[in-house]
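The values are calculated or read from the model by the stated rules, or taken from the named source; none is laboratory data. The structure presented is a predicted model; accordingly, all values stated were derived computationally and were not measured. Note that each Cβ is placed from the backbone with ideal geometry, even for glycine, and that neighbours are counted across all protein chains shown. Surface accessibility is based on the protein's heavy atoms, side chains included, excluding ligands, DNA and RNA. Shrake-Rupley method; radii C 1.70, N 1.55, O 1.52, S 1.80 Å.
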Amino acid sequence: SVLTGLVFGILGGALCAYFLTVRLRSGKEILTGIKRGQFYVVYQPVVDAKTLTMSGVEVLMRWNHPIAGPIPPDAFIAFAEAQQLIVPLTRHLFDLIARDARRLQQVLPPGARLGVNLAPSHLHSPTFKEDIQAFAASMPPHHFQLIFEITERDMVKENEASCLFHWMHEQGFEIAVDDFGTGHSALIYLERFKLDYLKIDRGFVNSIGLETVTSPVLDAVLTLARKLSMTTVAEGVETREQAKWLIDQGVNYLQGYFFAWPLTLEQLKEWESQPKS
Ligand code: C2E
Ligand code: CA
Ligand code: CA
Ligand code: CA
């Protein structure tokens, strides 16, 4: 009858909603995703401001979910952190990079920089040192300069961070401060830790060429970086005008859609072999 139909309809709907919620809330999704090969990596070229040639790449993770489709990393990294699954996920990321290493070696020259994002909770996990040592050991020796990208909020556990950064430098890794200018002010820590790169958030880069010709904040950031002997990388460079302005201001490296999108290994090969104008 209509009534039983209605009752079953409502029940069914509720059941569906229930399972969908469970599905999205369960960390098992990530473990399943790892097992079934739903994650992959893309590489976004980073360009030397002096020569306009590729100095290296930043590795960015992707999740192609069979039902939800592509899930942006901002969402699944936060989800993995909340589910305490960032360590297995990052180990998987390391495996994916290592799997590409030989072919990457053919595309990227010796000394090329390989930027890898680290999630805050991984940095302070007990297996962190082992994990990145194992990753480094799985890569061809001496070919890549590994750079670990961390955000400002990772620097606030001061003593722990200080030891950790020191250890990372001893191991030959470099450290980049990601999204600089968006986090809680960490200027004190910036002075205390001798970190290598300052990545200027694309929010600042975006504002170039809108109403004003100059940005006092960007100006200050560049002066700060220079005084701290940090190398600067501008993120999210989308126009020629932005690139030109940043180069004139003395930014060391540039990254953004104007130069290249995040690319699969195959696309990276192609991009690398194309003449640049
Ligand atoms: P991020 O580390 O700041 O990475 C740069 C983001 O800016 C990437 O977004 C990249 O695709 C995007 N982008 C690059 N050039 C441009 C441009 O010209 N314009 C604009 N509008 N965007 C540009 P994506 O790949 O969606 O990653 C977002 C964030 O997710 C990353 O921000 C990073 O915090 C995190 N993430 C990505 N992959 C990983 C990973 O493997 N591990 C960890 N822990 N975090 C990751
Ligand atoms: Ca980054
Ligand atoms: Ca960034
Ligand atoms: Ca970010």
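Only helices (runs of 4 or more DSSP H) whose full extent lies in the stretch 174-236 are considered here, and none of them has at least 1 residues that are among the acidic types (Asp, Glu) and either at pLDDT 90 or above or crowded, with 18+ Cβ neighbours inside 10 Å (or both).
The residues in the stretch 70-105 that are open to solvent by 20 Å² or more (accessible area, probe 1.4 Å) and aromatic (Phe, Trp, Tyr) can be counted, and the count is 1. If you go through the stretch 42-74 and keep only what is within 16 Å of ligand 3 (Cβ to nearest atom) and either hydrophobic (A, V, I, L, M, F, W, C) or assigned to a helix (DSSP H, G or I) (or both), you end up with 42, 46, 47, 57, 59, 60, 61, 73, 74. Just one of (1) in contact with a helix residue (DSSP H, G or I) (Cβ under 8 Å, 6 or more places away or on another chain); (2) away from ligand 1 (no atom under 16 Å from the Cβ); (3) in a helix (DSSP H, G or I) fails for residue 122. It is (2). Going by the conditions given, is residue 27 at positive phi and at pLDDT below 95? For residue 27, the condition - at positive phi and at pLDDT below 95 - is not met.
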